[in-house]
Amino acid sequence: METSFRRKATAVTFAVLALTLAGGGIAVAQPSAKAPQAAVKPTDRGTNSQPPVSAESARLSKATLKAGGVSTMAASVSITVVNSNGTKARGAGTVIKYGTGQYEVQFGYNVASSVIVATVGRADNCCIPPAGEISVAPRLLTPNGVFVQTRTSSGYPTDLGFHLVVHTP
């Protein structure tokens, strides 16, 4: 009797497992009720490329590198807080605003091989910053520059304040 019960319990266990896996597979295979991505996010949200380097940016880059001198530190960390209008609130670097949501921050040393981290944030000690997205990259043709792009949560370019941390090994 006990052996018969064990066999039945084992069979029932395997049957439940098989049905669970089959049901999960069917649920995954069903079409999603969500709208297609093209309908949710239009294609005219701007571009993911950086604007061309202006003559003023190139001149400023050379001057900033020259003024920065040579660092003998093994590693350095620079922090910059930028307001949504492109003005520097505090920290290191020089800020250039190119267009809606497009900023460049230049430092007095080469940051091309640095770790760059940014987050949307406010310069004051009040309130939670607005929702949004931020992207950072080394600035093209500017070894001491960082390019920052801010967008709304829907992906549209917008001016947002941010905090930038550059760690140079």
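Every number in this text was worked out from the coordinates using simple rules, so none of it is lab data. All of these numbers come straight from a predicted model, not from anything done at the bench. Cβ: placed from backbone, ideal geometry, glycine included. Neighbour counts: every protein chain shown.
Structure above, values below:
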quantity	calculated
Ranked packing of 123-134, 80-91, 95-106, most packed first, by mean Cβ within 10 Å	95-106, 80-91, 123-134
Surrounding net charge for VAL95, when Lys and Arg each add one and Asp and Glu each subtract one, Cβ distance under 14 Å	+1
Extended-chain gain in nm, criterion 0.36 nm per residue less alpha-carbon gap, SER154 and VAL117	11.2 nm
Backbone HN-Hα couplings from phi across the range 105-117 [Karplus 6.51/-1.76/1.60, Hz, Gly and Pro as x]	10, 10, 10, x, 8, 6, 10, 4, 9, 8, 8, 10, 9
Mean Cα-pair separation over length for the range 80-119, i.e. relative contact order, pairs under 8 Å, 6 or more apart, %	25 percent
Cβ-based net charge around SER54, under 15 Å, with every Lys or Arg adding one and every Asp or Glu removing one	+2
Charge tally in the Cβ shell below 9 Å around LEU160, where Lys, Arg are +1 and Asp, Glu are -1, LEU160 excluded	-1
Label point 7 Å beyond Cα of CYS127 along Cβ direction - residues of the range 140-163 with amide nitrogen under 12 Å	161
